[in-house]
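Comments concern the structure below.
The values are calculated or read from the model by the stated rules, or taken from the named source; none is laboratory data. Since the structure is predicted, the reported quantities are computational estimates derived from the model, not experimental observations. Cβ sites come from the backbone with ideal geometry, for glycine too, and all protein chains shown count toward neighbours. Protein only, heavy atoms only, side chains kept; ligands, DNA and RNA dropped before computing areas. Shrake-Rupley method; radii C 1.70, N 1.55, O 1.52, S 1.80 Å.
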Amino acid sequence: MFPAARRRAVVDRLLHLYPLLLYALGGVCLLSWPITKTDTDLWFHLSWGRELFERGAIPHESTFSFITPPKSWVDYAWLFQALVSLCHASAGYAGLIVLRSVLYLATTGLLLWFLLGRRARETERGWRTFLYGLTWMILLPRYLLVRPFLWTDVFTMAFITLLERRPRGILVLPLLGILWCNLHGIAYPILLLIGGAYSAEYLWSRLRGM
């Protein structure tokens with residue numbers, strides 16, 4: 001049997017390496033897996049992105065809808081559509097796979113930093129590693145698609161991580177908020193909930209003199 005100190009050292013090393021291995025494994029899997037065909041939204045977004053560049057303006061009518069005559073509407077993901085259109089035009093199907101892999105690595109990388117960064121206590125590393133693994137399993141199937149909500153994952157983690165780990169970085173939050181609302185604008189309630197929750201805590205602390 002190994003001495004207790006030796007066993008503890010092995011466990012600590014595994015707790016440090018396991019999340020990194022999961023992180024890398026997720027990136028490798030998504031780079032090698034095809035995009036899952038569960039709906040036609042991706043092709044809709046690609047068509048709108050192509051239309052955006054051909055018109056030179058953000059579309060405001062339901063051009064690709066069966067509704068006649070076309071109805072006016074707000075294109076809440078115009079920047080996402082422009083981005084996927086550029087990726088597809090420059091690198092084809094592989095460009096879309098690389099895009100979703102980059103978004104996955106950004107989201108889970110921020111999650112890894114948030115849960116297991118330098119400020120994480122060693123006594124909490126076990127349950128934080130478990131939580132990272134659980135979230136990793138939940139997130140990975142979402143990235144079989146290429147949809148605007150992947151950006152909401154990235155920005156949600158970016159906002160929370162900056163507010164918790166780098167409070168001085170809040171100066172970039174308005175810029176991130178603008179990008180978020182143009183990449184997946186329908187998710188603006190999440191942005192408001194995060195901002196409202198932290199603002200309420202800050203005001204409550206000020207009122208209590210903390």
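Carbon and sulfur: what percent of the range 45-188's accessible surface (1.4 Å probe)? Using a 1.4 Å probe with all protein chains present, the range 45-188 comes out at 68 percent carbon and sulfur. Net charge in the neighbourhood of Met157 (other residues with Cβ under 12 Å of its Cβ; Lys, Arg +1, Asp, Glu -1) is -1. Which one of Gly56, Gly185, Leu171 has its Cα pushed farthest toward the positive end of the charge dipole of the chain, where Lys and Arg give +1 and Asp and Glu give -1 at the Cβ? Highest projection toward the positive end goes to Leu171. Membrane-span-like helices in the chain, defined purely by DSSP H runs whose alpha carbon atoms cover 27 Å or more axially and whose average Kyte-Doolittle hydropathy reaches -0.5, are 4-32, 78-116, 188-207. Relative contact order of the range 75-210: 34 percent, from C-alpha pairs under 8 Å at least 6 residues apart in sequence. Comparing Gly177, Gly92, Gly109 in a Gaussian network model of the chain, where Cα atoms under 10 Å apart are tied by springs, the biggest mean-square fluctuation is seen for Gly92.
Relative to the Cα centre, the charge distribution of the chain, modelled as +1 at Lys and Arg Cβ and -1 at Asp and Glu Cβ, gives a dipole magnitude of about 1080 debye.
Within the set (i) 1.06; (ii) 0.96; (iii) 1.19, the number that Rg/Rh (Cα atoms, Kirkwood Rh) takes when calculated for this structure is listed as (i).
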